[in-house]
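Asks: Encoded as structure tokens, here's the structure I'll be asking about.
A short reminder: the numbers here are calculations on the coordinates, not readings from a lab. As the structure is a prediction and not an experimental result, all values here were calculated from the model. Quick reminder, even Gly has a Cβ in these numbers, built from the backbone with ideal geometry, and neighbours come from all protein chains shown.
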Amino acid sequence: MSFRTGYYSVGDHLKEGGVTVPNIKSSSKRVMLAQKATAKNKAAKSLMKTNIKKFDAAAAGGDREAAEDAFKTAVKTVDRAATRGLIHKNKAARRKSALAKKLNKV
């Protein structure tokens with residue numbers, strides 16, 4: 001809740017220990033669905049970051065085969081994130097390009 005205006009900002013009910021509880025059944029369902037979607041998106045983004053870090057570690061290790069395997073999974077998760085709208089398609093292309101550059105240096 002904003003103390004300056006006295007109004008609740010958008011998303012206050014999604015915060016842990018939320019301050020608002022919807023009175024309407026459909027709106028409470030939307031809150032639950034939003035929480036579920038947020039958790040799903042967060043997990044998918046986290047998996048993408050983890051796979052990129054695994055590739056970075058494999059590339060830093062100097063093992064070409066391990067780096068190629070990690071590259072494939074990292075690119076796959078980046079593409080999946082872009083398809084689902086978790087990241088912009090240009091950001092996905094930039095990430096994949098950076099990964100390919102690192103792979104070529106190994």
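Asks: Please list the non-local residues whose amide H lies under 5 Å from the amide H of Ile87, H modeled 1.01 Å from N, same-chain partners needing a gap of 5 or more.
Replies: Ala82
Asks: Additional query: Of Lys42/Lys102; Lys45/Lys96; Lys36/Lys96; Lys40/Lys102; Lys49/Lys102; Lys49/Lys72, which pairs sit farther than 23 Å apart, going by alpha carbon to alpha carbon?
Replies: Distance filter (> 23 Å) returns Lys42/Lys102; Lys36/Lys96; Lys40/Lys102.
Asks: Hey, could you grab the Kirkwood Rh for the stretch 65-106? Inverse mean 1/r over distinct alpha carbon pairs, Å, one decimal.
Replies: 10.4
Asks: Starting from the 7 Å offset along Cα-to-Cβ, what nm value, one decimal, do you get for the label separation of Ser46 and Met32?
Replies: For Ser46 paired with Met32, the spin-label model returns 2.3 nm.
Asks: So what are the ³J(HN,Hα) numbers for the stretch 91-104, from phi and the Karplus equation (6.51, -1.76, 1.60; θ = phi - 60°), rounded to whole Hz, Gly and Pro as x?
Replies: 5, 5, 5, 5, 4, 5, 5, 5, 5, 5, 4, 5, 5, 5
Asks: Based on the mean of other Cβ atoms within 10 Å per residue, sort peptides 70-83, 25-38, 88-101 so the most packed one is first.
Replies: Packing proxy ranking, top to bottom: 70-83, 88-101, 25-38.
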